[in-house]
Amino acid sequence: MNNQNEIRVRMAPSPTGFFHVGSARTALFNWLFAKHHKGKFILRVEDTDVERSSEEMIKVVLNGMAWLGMDRYEGPYYQSKRMDFYKKYVDKLIKDGKAYYCYCNPQDLAGERKAAYANKQDWKYDRRCLSLNAADKKKKEESNTPKAVRFLVPEHRVTYKDIVYGEISRDSKDIEDFVIQRANGMPTYNLACVVDDHDMGISHVIRGADHITNTPKQILLYEALNLQKPEFAHLPLILGQDKSKLSKRHDAVSLDEYKEKGFLSDAMVNYLALLSWSPGDNNEDFMDRKKPENLGTVDMVRLAKEFTLERVNKANAIFDVTKLEWMNQQYIHQLNHDKFQELLKPFIIKYGLMTEKTLIRDHQRYVEICNLMQPRLKTLDEINNQGRYFFKDDFDYDQTALQKFTNKETLTIMKTFLVVIQDINPFEVMNIEMTLLNFGKDHGLKVKQWIHPLRVFTTGSTGGPPLFDTLELIGKEQCIYRIEKILKQKQEK
Ligand code: GLU
């Protein structure tokens, strides 16, 4: 804990080009923990690997945080701008005899390691540079041999209490003298992380369980530098449905992909919060229901109030896209209509269903389509597959259904309905409904004999919003055109 007993947590992404949903979950848990304790949430960009970092990549993370509603934080701090700072700590360790220069060529060492592993042998750096005599050292220096700095790992068992996993213990004999500063002067992750966590007064390090192996190394560094250690809480991994670590082999792993598919950030937050955490009452629904206009948004205040690290469970979480879709549908359905219309617009434009101009010109029609589709979409992106027929006539037909409804008898029925539809004026829902129902009844037809084929002919599919509303919005001309098109195609065969 830092001196002021203030809760200070951090999210420390390495810019990798995309924002992994696992990192988003880590960010969220840190954020909720900070809010719960009225503490601070700090963003630190771990960009010491200059070759792999770029402005663009950093933006991906910052945008992702903003999208999820976590846009207020201290920072961002950039490790790349704090190089001199790390060097001071490295120099101190060297001066205290707790670190030493290593002149070995990293490629040679990698080769040795590989060969040992190939023979099923363990390999650990043998401290050969620690025992270099003065003359050898001088020679290396004079020939400008690149040198890294290695931490001289002291021998003892490192034990700490992880808030999630309980006591974790590791013998330092298994840890080699790891590099803390590369030959190019850059600090490595473990060194920079310890120095920064200390400098930024971090009280709790909350991060993915994939870092459990780093923690003993970091504790050894805290001890060597005589710095106060933070508390540690490692978060269980997120696995794909096949129980292997969630990776690109599975569905989308980057937050941006979910955004592009039309998941609402609020549903995403609700879903991510439940990955290895559950509230006391097991009520997983965190939709804000305090006021009608809040529906479809997530109640961050309640989430933060209920969030404790003690309720994070040790079991790895499964990323279940079907559950996420279900949750997203609940959020979409409840969303304020105006908000839904706004959020859907980019997808309407992306698929060329309407343009900026027609969205203004045909605003009322757009609103009516939105009202029909809002309860049906699992993602906003589905508007193209599920509602394309409202806007375009190049939608796909359910071929099995088309086959089923284009037998001779049905074609004859549809031909008569075509004539009836041509005479419906005005072409409005009540009128359409009354006219078609009456016509069917008068001609001794069961509703199912004409309603299903009529839907398939005009929309290509067997399901969707109420048919008569749909027909009105498709418009009389288009309905006629579509029915005639199928009749012509099938009669020609
Ligand atoms: N840069 C590390 C990562 O992205 C941070 C790990 C940590 O939180 O200490 O995994």
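Where a number appears in this text, it was derived from the coordinates with a stated rule and is not lab data. Because the structure is a prediction, the values reported are computed rather than measured. Reconstructed Cβ throughout: ideal geometry from the backbone, glycine too, with neighbour counts over all protein chains shown.
Here are a few things to note about the model shown:
- Prolate/oblate/rounded label for the chain (Cα gyration tensor, a/c 1.5): prolate
- 3J(HN,Hα) along region 217-230, derived from phi through the Karplus expression 6.51 cos²θ - 1.76 cosθ + 1.60 where θ = phi - 60°, amounts to 4, 5, 5, 4, 5, 4, 5, 5, 8, 6, 10, 6, 7, x Hz, with x in place of Gly and Pro.
- Looking at the chain, the DSSP beta bridges with both ends there are about 50 percent antiparallel.
- Under-5 Å amide H pairs with Ile42, H placed in peptide plane, nonlocal only: Val9, Arg10, Met11, Glu74
- Euclidean distance between Cα centres, region 112-171 to region 419-471, Å: 78
- Stretch gain in nm, segment Trp326-Gln491, where the contour uses 0.36 nm per residue and the Cα spacing is subtracted: 55.2 nm
- Principal-axis tilt of helix 21-36 within the chain, Cα atoms, nearest 10 degrees: 80
- Candidate cross-link partners of Lys488 among the lysines, defined by an alpha-carbon separation under 24 Å and a same-chain spacing of 8 or more, comprise Lys392, Lys404, Lys408, Lys415, Lys448, Lys476.
- Gyration tensor verdict on region 72-205 (Cα atoms; rounded if a/c is under 1.5, prolate if a/b is larger than b/c, oblate otherwise): oblate
- Each peptide in 73-82, 200-209, 31-40 receives the mean, over its residues, of other Cβ atoms within 10 Å, and ordering these scores from highest gives 200-209, 31-40, 73-82.
- Separation of alpha-carbon centers, region 336-406 and region 212-239, rounded to whole Å: 50
- Ellipticity at 222 nm from helices only: DSSP H runs of n ≥ 4 in the chain, each -39500 (n - 2.57), divided by the residue count, give -14000 deg cm²/dmol.
- Reachable lysines, given that their alpha-carbon falls under 24 Å from the alpha-carbon of Lys114 and they are not under 8 places away in the same chain: Lys124, Lys147, Lys173, Lys217
- Region 152-309 - Rg over Rh from alpha carbon coordinates, Kirkwood radius: 1.05
- Cys with no candidate disulfide partner in the chain (beta-carbon separation under 4.7 Å rule): Cys104, Cys193, Cys370, Cys479
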